[in-house]
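J.: Below are the C-alpha cells for one structure; questions will follow.
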Amino acid sequence: GKIEQSQNVRLQLRDWKEIVSMKFSDDAYPEINVSESKRDWGILFHTAMSKIYDKSQINLAVNFLLKKGMCAETDAQSLLQKIENMFDLKDLGQFFGNQLKALNEPELINEEGKMLRPDRVVFFEGYTAILDYKTGGENEKYDEQLRSYMRFFKSFSNLPVKAFIVYLEEGKLE
C-alpha cells in the first residue's frame with residue numbers, strides 16, 4: 001500500500017479488502033459458511049432457535065436465515081432436519097408452545113455485572129426451566145454455565161429452577 005507521513009507519524013494504508021473478511025448480506029446477519037466451521041454451524045443453529053417458540057415455527061425460522069443470506073440451501077435443509085430431529089427428543093416438547101411464557105436468548109446481567117444469555121427460559125407455574133443448546137460434545141464447563149443461570153433466577157424467585165442441556169449431535173436432553 002501507500003505510505004503517508006504526517007507530523008513524524010508514518011501510516012501504512014492498506015486496502016480495506018485485506019482487513020475486512022466478513023461479508024454482510026443484510027442488516028447485521030453475516031453470511032455463514034457452515035461447511036467450513038463447526039462454530040458457524042453453532043451460530044446458525046442458535047440463530048434459528050432464537051426465532052422458534054413453537055414447533056410450527058421451525059420452517060419459518062430456517063427460511064428466515066435462508067432469505068437473509070446466512071446460509072446456502074443445502075445448509076438450510078440440513079439445519080431443518082437437525083431441528084426437527086431435536087424436537088423429536090423425548091420430553092423436549094413441553095418446553096415449546098405458543099401458550100408458554102418463554103424467552104429466547106434473553107440478555108441478563110447478574111449481580112457481578114456479568115452478562116448471561118441462556119438459550120431458552122420457560123416460566124412454568126411451579127418452576128422456571130432453562131434450556132441450553134449444544135452443537136458439540138459434552139464439556140464440564142457447561143455445568144458451571146447452567147449453574148450461573150440457575151443462580152440468577154433463584155436470586156429473585158422462590159420458585160425452583162431446573163436446567164437442561166440439549167445435545168444436538170448426540171440427540172439427548174439432560
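The values are calculated or read from the model by the stated rules, or taken from the named source; none is laboratory data. Since we're looking at a predicted model, the values are computed, not measured. Don't worry about glycine lacking a Cβ; one is built from the backbone with ideal geometry, like all the others, and counts go over all protein chains shown. Ligands, DNA and RNA are stripped out before the accessible areas are found, and what is left, the full protein with its side chains, is counted by its heavy atoms. Shrake-Rupley method; radii C 1.70, N 1.55, O 1.52, S 1.80 Å.
J.: I want the local charge near Ile58. Using Cβ-Cβ distances under 11 Å, sum +1 for each Lys or Arg and -1 for each Asp or Glu among the other residues.
T.: The answer is +1.
J.: Excluding ligands and nucleic acids, what accessible area in Å² is computed for Tyr53 using a 1.4 Å probe, to the nearest 10?
T.: It works out to around 80 Å².
J.: Given a cut-off of 25 Å, name the pairs among Lys141/Lys172; Lys68/Lys172; Lys101/Lys162; Lys67/Lys114; Lys67/Lys172 whose C-alpha atoms lie farther apart than that in the structure shown. Display every interim value, and only then the final one.
T.: Details: Lys141/Lys172 18 Å; Lys68/Lys172 30 Å; Lys101/Lys162 15 Å; Lys67/Lys114 34 Å; Lys67/Lys172 30 Å.
Over 25 Å Cα-Cα: Lys68/Lys172; Lys67/Lys114; Lys67/Lys172.
J.: Taking all protein chains together and a probe of 1.4 Å, list Met150, Met115 from the most accessible to the least accessible.
T.: Largest accessible area first, the list is Met115, Met150.
J.: While we're here: What is the gain in length, in nm to one decimal, between Lys55 and Ser155 on full extension, counting 0.36 nm per residue of separation less the C-alpha to C-alpha distance?
T.: 32.9 nm
J.: Here's a follow-up. Along the positive direction of the dipole of segment 90-133 (beta-carbon charges: Lys, Arg +1; Asp, Glu -1; about the Cα centre), which of Tyr127, Asn110, Phe96 reaches farthest?
T.: Farthest towards the positive pole: Phe96.
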